[in-house]
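**Q** Quick one: structure below, then a few questions.
Bear in mind that the values in this text are calculations on the coordinates, not laboratory data. Fair warning: this is a prediction, and the values are worked out from it, not measured in the lab. Glycine also receives a Cβ, built like all others from the backbone with ideal geometry; neighbour counts cover every protein chain displayed.
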Amino acid sequence: MNFDSAPIAAIATAPGRGGIGVVRISGKNVAAIIDAVCATKGKSLQPRHATYLDFVHADGSVIDQGLAIHFKAPHSYTGEDVLELQGHGGPVVLQMLLARCLEAGAGIGLRLAQPGEFTHRAFLNDKLDLAQAEAVADLIEASTEAAARSASQSLSGAFSHAVQDLVDKITNLRMLVEATLDFPEEEIDFLEQSDARGQLTRIRAALQQVFRQAAQGALLREGLNIVLAGQPNVGKSSLLNALAGNDVAIVTPIAGTTRDKVIETIQIEGIPINIIDTAGIRTEAQASDEVERIGIERTWAAVQKADVIVHMLDAARGPTREDEEITARFPSGIPVIRIWNKIDLSGHKPSVDQLPDATHIYLSASELAGMDLLRNELLRLIGWQQTSESLYLARERHLVALKAAEEHLDIAAQHAAHDSEVSDPALDLFAEELRLAQDRLSSITGEFTPDDLLGVIFSRFCIGK
Ligand code: GDP
Ligand code: ZN
């Protein structure tokens, strides 16, 4: 990615039609665009005030009418001069408005923004740290309310503050250690007098706490991918409907009607659960036509990537030879939940049984009996713990950094252990591990983050963000 400092422009609202649509421009000299595109009748826009006016072509003909807002640097999203043109939310009229801005801005080097470039500039101008910038994308992509709440927490800086707090505490401890290193004759007493061990213990506990909040929050972001497999007519679509609470899949008594996979996202306690309803895994030999065969192939591809395989059987009929064939094809290493459905017909009671091959659950999808047993088992599998702590919608990268920092603190603790002889080198190593832990934590907020990683992070944003 090539980030220069030229002014940039993009449509900031989602593609498609909507009540309003926004073209956003950021950079130096946006006044030139205001003069050319906004019919201000000679007046300048009052910063951060909405002014209703015409957006015009070079010949004065009107493109649209709407609101123009000028945010002067540094009081803007990006920290640069920003101009927002809010017009009507049609794709054609917005494209016309954007094209007009680019034409009018040719003289000042205005160009189209790359994905995430507005937010990248906000980061470079210290409007947001890296964790907050990531939270912008996560808030936009949140698929449940709980995920959106956690993303909003991170965006407000709660996660960054928690991490910064750890960094500050480690910095304090480092200052103590390094001061002592300068006066070797005092080293022996250092660990005792400064309560360095006690400080380290408290920092480690605080770090573990942040990790728990981040790891739980990451579940809200990542969710769980479930493949729902089983013979036609065992009740897969009924189960999907029972979990989703509305009629998303077609329930029908005719075998093989679910032709392709249907992905439905439901939520359990705010965790997005992506369920792939399979094409009713019949063996290829049983497939009646090409379309069905392709459906079966796709299903098996999805099975390989699942977090959990839910294999559904008919409790009244018992396992069939086809069920054994399905089971034989499950990849090893992915946990399996075997659901025995239609217990209203078989006479079983709702129950859970942890067996070596799988967790067996007896339920009835159509009678809604035993559904909570399934929900709880899914939550247990991903390690969800109910908590009143606020959660941070962390990314994998954050968890890796927190873990690495924790490991460095563990090693530091060994160097400071009571039974180890506190000699020059041990105190040196203690200080070094603190420094490494601090670096890893700082990478979360982006203080020491290599440019190529920044490029990767921001390129995954949508255009206009
Ligand atoms: P799929 O082919 O596996 O998706 O199965 P469906 O969900 O389409 O269900 C097939 C038939 O079984 C439908 O007539 C459902 O109403 C019925 N069914 C599903 N679950 C139950 C259940 O728990 N008890 C009874 N008695 N019938 C069920
Ligand atoms: Zn079905």
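**Q** Is any helix in the chain, taking whole DSSP H runs, at least 27 angstrom long along its axis by alpha carbon and on average at least 0.0 on the Kyte-Doolittle scale, and which ones?
**A** 158-181
**Q** If you don't mind, another one. Take each of the peptides 214-225, 396-407, average the number of other beta-carbon atoms within 10 Å over its residues, and list them starting from the highest.
**A** Order by mean packing, descending: 214-225, 396-407.
**Q** How much mean residue ellipticity at 222 nm does the chain get from its helices, if each DSSP H run of length 4 or more adds -39500 (n - 2.57) and you divide by all residues, to the nearest 500 deg cm²/dmol?
**A** About -14500 deg cm²/dmol.
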